[in-house]
Amino acid sequence: MTNPCPVCASPTDYYDVVDFNRSCLDEQLGRQPLSGIPIYYCLCNQCGFLHAPAFKEWTASDFLQKIYNEEYIKFDPEYVSERPQRVARHLARLFNGKVERIRHLDYGGGNGELSRLLAAEGWDSTSFDPFPEPDKPLAALGKFNQITAIEVFEHVPNPYEIMGMNRPGIAGGPISLEDWGMMTKTTTKFSLEVRERAVRMVQDHAADYPSRWA
(Lines give C-alpha, C1' and ligand atoms only; values in the text may rest on other atoms or scores of the structure.)
Protein backbone atom coordinates (compact mmCIF):
# COMPACT_ATOMS: atom_id res chain seq x y z
CA MET A 1 0.00 0.00 0.00
CA THR A 2 2.08 2.88 -1.31
CA ASN A 3 -0.25 5.74 -0.42
CA PRO A 4 -2.58 4.83 2.45
CA CYS A 5 -5.55 7.11 2.95
CA PRO A 6 -4.71 9.89 5.46
CA VAL A 7 -8.27 9.70 6.83
CA CYS A 8 -8.97 5.98 7.28
CA ALA A 9 -5.63 4.33 6.33
CA SER A 10 -7.30 2.16 3.68
CA PRO A 11 -5.65 1.39 0.31
CA THR A 12 -5.89 4.03 -2.41
CA ASP A 13 -5.62 3.94 -6.20
CA TYR A 14 -4.15 6.57 -8.48
CA TYR A 15 -7.04 8.63 -9.81
CA ASP A 16 -5.63 11.46 -11.96
CA VAL A 17 -2.68 13.78 -12.46
CA VAL A 18 -2.55 17.54 -13.05
CA ASP A 19 0.19 20.10 -13.48
CA PHE A 20 1.17 21.90 -10.27
CA ASN A 21 0.04 25.25 -11.73
CA ARG A 22 -3.51 24.03 -12.40
CA SER A 23 -6.03 26.10 -10.46
CA CYS A 24 -9.78 26.00 -9.88
CA LEU A 25 -9.75 29.65 -10.94
CA ASP A 26 -8.44 28.84 -14.41
CA GLU A 27 -11.72 29.96 -15.99
CA GLN A 28 -11.46 33.39 -14.37
CA LEU A 29 -7.68 33.86 -14.52
CA GLY A 30 -6.82 31.84 -17.59
CA ARG A 31 -4.54 28.84 -17.67
CA GLN A 32 -1.21 29.42 -15.95
CA PRO A 33 2.05 28.40 -17.66
CA LEU A 34 2.86 24.72 -17.14
CA SER A 35 5.30 24.11 -14.30
CA GLY A 36 6.33 20.67 -15.51
CA ILE A 37 5.64 19.32 -12.01
CA PRO A 38 3.03 16.52 -12.01
CA ILE A 39 0.73 16.24 -9.00
CA TYR A 40 -0.90 12.84 -8.68
CA TYR A 41 -4.21 12.36 -6.90
CA CYS A 42 -5.20 9.14 -5.14
CA LEU A 43 -8.72 7.96 -4.36
CA CYS A 44 -9.46 5.95 -1.22
CA ASN A 45 -11.26 2.66 -1.87
CA GLN A 46 -13.03 2.85 1.48
CA CYS A 47 -14.09 6.42 2.33
CA GLY A 48 -13.72 8.08 -1.07
CA PHE A 49 -11.17 10.66 0.08
CA LEU A 50 -9.32 12.19 -2.87
CA HIS A 51 -5.92 13.59 -2.01
CA ALA A 52 -2.45 14.45 -3.33
CA PRO A 53 0.15 12.34 -1.48
CA ALA A 54 3.06 14.55 -2.60
CA PHE A 55 2.07 17.25 -0.14
CA LYS A 56 2.65 14.92 2.82
CA GLU A 57 6.38 15.28 2.20
CA TRP A 58 6.38 19.07 2.18
CA THR A 59 7.74 21.16 5.05
CA ALA A 60 6.23 24.42 6.27
CA SER A 61 8.97 26.17 4.33
CA ASP A 62 7.90 24.38 1.14
CA PHE A 63 4.31 25.53 1.57
CA LEU A 64 5.40 29.11 2.19
CA GLN A 65 7.64 29.17 -0.84
CA LYS A 66 5.39 27.35 -3.31
CA ILE A 67 1.83 28.09 -2.14
CA TYR A 68 1.54 30.84 0.47
CA ASN A 69 3.80 33.31 -1.30
CA GLU A 70 3.19 36.80 -2.69
CA GLU A 71 1.01 35.39 -5.50
CA TYR A 72 -1.33 33.45 -3.21
CA ILE A 73 -3.93 36.23 -3.11
CA LYS A 74 -4.34 35.94 -6.87
CA PHE A 75 -5.70 32.41 -6.42
CA ASP A 76 -7.61 33.10 -3.19
CA PRO A 77 -8.83 36.70 -3.57
CA GLU A 78 -11.16 36.52 -0.52
CA TYR A 79 -8.23 35.75 1.79
CA VAL A 80 -7.19 39.30 2.74
CA SER A 81 -10.45 40.84 3.93
CA GLU A 82 -13.65 39.54 2.32
CA ARG A 83 -13.69 36.13 4.02
CA PRO A 84 -12.60 37.38 7.49
CA GLN A 85 -15.29 40.09 7.39
CA ARG A 86 -17.97 37.56 6.40
CA VAL A 87 -16.94 35.12 9.13
CA ALA A 88 -16.72 37.87 11.76
CA ARG A 89 -20.31 38.91 11.00
CA HIS A 90 -21.45 35.30 11.23
CA LEU A 91 -19.73 34.73 14.59
CA ALA A 92 -21.09 37.99 15.96
CA ARG A 93 -24.64 36.81 15.19
CA LEU A 94 -23.99 33.28 16.43
CA PHE A 95 -22.50 34.27 19.79
CA ASN A 96 -24.35 37.52 20.39
CA GLY A 97 -24.37 38.30 24.13
CA LYS A 98 -21.93 35.50 25.00
CA VAL A 99 -18.62 37.09 24.00
CA GLU A 100 -17.44 37.58 27.58
CA ARG A 101 -17.43 33.78 28.12
CA ILE A 102 -15.37 33.00 25.02
CA ARG A 103 -11.63 32.64 24.58
CA HIS A 104 -11.35 32.16 20.84
CA LEU A 105 -8.64 30.60 18.67
CA ASP A 106 -8.68 31.10 14.92
CA TYR A 107 -6.60 28.13 13.78
CA GLY A 108 -5.05 28.65 10.35
CA GLY A 109 -5.81 32.36 10.66
CA GLY A 110 -3.35 33.43 7.96
CA ASN A 111 -2.86 37.19 8.23
CA GLY A 112 -4.79 37.35 11.52
CA GLU A 113 -7.53 39.60 10.13
CA LEU A 114 -10.42 37.63 11.62
CA SER A 115 -8.98 37.88 15.14
CA ARG A 116 -8.34 41.62 14.68
CA LEU A 117 -11.94 42.17 13.59
CA LEU A 118 -13.29 40.16 16.52
CA ALA A 119 -10.98 41.91 19.02
CA ALA A 120 -12.36 45.24 17.84
CA GLU A 121 -15.80 43.93 18.86
CA GLY A 122 -14.66 42.92 22.35
CA TRP A 123 -13.64 39.31 21.73
CA ASP A 124 -10.65 37.65 23.37
CA SER A 125 -9.39 36.22 20.07
CA THR A 126 -6.01 34.81 19.06
CA SER A 127 -4.86 33.86 15.58
CA PHE A 128 -2.50 30.95 14.93
CA ASP A 129 -1.16 29.69 11.62
CA PRO A 130 1.46 26.91 11.45
CA PHE A 131 2.83 27.95 8.05
CA PRO A 132 4.09 31.49 8.74
CA GLU A 133 5.26 30.51 12.25
CA PRO A 134 6.18 26.79 12.14
CA ASP A 135 8.27 27.00 15.32
CA LYS A 136 5.58 28.67 17.41
CA PRO A 137 4.03 26.06 19.75
CA LEU A 138 0.25 26.13 19.80
CA ALA A 139 0.12 25.04 23.44
CA ALA A 140 2.06 28.17 24.45
CA LEU A 141 -0.97 30.30 23.54
CA GLY A 142 -2.98 28.93 26.46
CA LYS A 143 -6.41 27.35 26.65
CA PHE A 144 -9.44 28.10 24.47
CA ASN A 145 -13.12 27.19 24.53
CA GLN A 146 -13.97 28.15 20.96
CA ILE A 147 -12.01 27.31 17.81
CA THR A 148 -12.61 28.33 14.25
CA ALA A 149 -10.72 26.62 11.44
CA ILE A 150 -12.02 28.43 8.38
CA GLU A 151 -11.14 26.60 5.15
CA VAL A 152 -8.37 24.71 6.91
CA PHE A 153 -9.04 20.98 6.64
CA GLU A 154 -9.03 21.00 2.85
CA HIS A 155 -5.68 22.82 2.87
CA VAL A 156 -3.66 20.36 4.93
CA PRO A 157 -2.20 16.93 4.15
CA ASN A 158 -2.77 15.77 7.75
CA PRO A 159 -6.45 16.47 8.53
CA TYR A 160 -6.60 13.98 11.41
CA GLU A 161 -3.73 15.67 13.23
CA ILE A 162 -5.53 18.99 12.98
CA MET A 163 -8.83 17.45 14.11
CA GLY A 164 -7.02 16.05 17.14
CA MET A 165 -5.69 19.41 18.31
CA ASN A 166 -8.25 19.55 21.15
CA ARG A 167 -5.98 18.31 23.90
CA PRO A 168 -5.62 19.22 27.62
CA GLY A 169 -2.94 21.79 26.80
CA ILE A 170 -5.33 23.67 24.49
CA ALA A 171 -8.86 22.93 25.66
CA GLY A 172 -10.20 25.11 28.45
CA GLY A 173 -13.55 23.35 28.53
CA PRO A 174 -16.08 22.13 25.96
CA ILE A 175 -14.94 23.35 22.55
CA SER A 176 -16.95 24.25 19.51
CA LEU A 177 -15.16 23.72 16.22
CA GLU A 178 -16.34 25.47 13.09
CA ASP A 179 -14.93 24.93 9.60
CA TRP A 180 -16.77 26.50 6.69
CA GLY A 181 -14.47 24.91 4.15
CA MET A 182 -15.21 21.26 4.84
CA MET A 183 -18.35 21.09 2.72
CA THR A 184 -17.52 23.60 0.01
CA LYS A 185 -18.10 22.55 -3.59
CA THR A 186 -15.60 25.08 -4.93
CA THR A 187 -12.47 24.07 -3.07
CA THR A 188 -9.17 24.97 -4.74
CA LYS A 189 -7.00 23.23 -2.20
CA PHE A 190 -5.00 20.06 -1.73
CA SER A 191 -7.74 17.66 -0.60
CA LEU A 192 -11.01 17.48 -2.52
CA GLU A 193 -13.74 17.25 0.07
CA VAL A 194 -16.31 14.48 0.36
CA ARG A 195 -19.14 14.33 2.85
CA GLU A 196 -18.18 10.84 4.04
CA ARG A 197 -14.70 12.03 4.97
CA ALA A 198 -15.97 15.05 6.92
CA VAL A 199 -18.58 13.01 8.77
CA ARG A 200 -16.04 10.31 9.63
CA MET A 201 -13.60 12.81 11.13
CA VAL A 202 -16.30 14.45 13.23
CA GLN A 203 -17.58 11.09 14.49
CA ASP A 204 -14.08 9.87 15.35
CA HIS A 205 -13.47 13.02 17.42
CA ALA A 206 -16.96 13.39 18.89
CA ALA A 207 -15.61 13.24 22.45
CA ASP A 208 -13.25 16.14 21.75
CA TYR A 209 -15.87 18.50 20.32
CA PRO A 210 -19.21 18.35 22.15
CA SER A 211 -20.45 21.29 20.06
CA ARG A 212 -19.79 21.41 16.32
CA TRP A 213 -20.67 23.39 13.24
CA ALA A 214 -19.56 22.57 9.72
* Report the accessible area of residue 95, computed with a 1.4 Å probe over the heavy atoms of all protein chains in place, in Å² rounded to the nearest 10. => 20 Å²
* What FRET efficiency do you get for residue 89 and residue 28 if R0 is 30 Å and r is their Cβ-Cβ distance, rounded to the nearest 0.05? -> 0.75
* Asked: At a probe radius of 1.4 Å, what is the per-residue accessible area of residue 5, in Å² to the nearest 10?
  -> 10 Å²
* Considering amide H positions built from the backbone, and no H for Pro or chain starts, which residues 5 or more places from residue 15, or on another chain, come under 5 Å of its amide H? -> 41, 42, 43
* When all protein chains stay in place, what accessible area (Å², nearest 10, 1.4 Å probe) is found for residue 23? -> 20 Å²
* For region 106-148, what does the alpha-carbon gyration tensor say about shape, rounded, prolate or oblate, given a ≥ b ≥ c as the root eigenvalues, a/c under 1.5 as rounded, and a/b over b/c as prolate? -> oblate
* To do: Quick one: dipole size for region 1-76, taken about the Cα centre, charges +1 on Lys/Arg Cβ and -1 on Asp/Glu Cβ, in debye to the nearest 20.
  => 100 debye
* Structure fact -> Phi-derived 3J(HN,Hα) across region 18-24 with the Karplus relation (6.51, -1.76, 1.60, θ = phi - 60°), rounded Hz, x for Gly and Pro, is 9, 6, 4, 7, 5, 9, 6
* Considering Cα pairs under 8 angstrom that are at least six residues apart, work out the relative contact order of region 1-107 and quote it in whole percent. => 19 percent
* Placed amide H near residue 129: partners under 5 Å, 5+ positions off or other chain -> 108, 109
* Structure fact -> Computed about the Cα centre, the charge dipole of region 1-130 from +1 Lys/Arg and -1 Asp/Glu charges at the Cβ has a magnitude in debye, to the nearest 20, of 460 debye
* Gyration tensor (alpha-carbon) shape descriptor, region 25-106, a/c threshold 1.5 -> prolate
* Structure fact -> Given backbone amide H placed at 1.01 Å from N, residues whose amide H is under 5 Å from that of residue 105, ignoring those fewer than 5 places away on the same chain, are 126, 146, 147, 148
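The values are calculated or read from the model by the stated rules, or taken from the named source; none is laboratory data. Keep in mind that what you see is a predicted model, and the values were worked out from it rather than measured. No Cβ is skipped: glycine too gets one built from the backbone with ideal geometry, and neighbour counts run over all protein chains shown. Accessible surface is based on the protein model in full, side chains and every heavy atom, while ligands, DNA and RNA are left aside. Shrake-Rupley method; radii C 1.70, N 1.55, O 1.52, S 1.80 Å.
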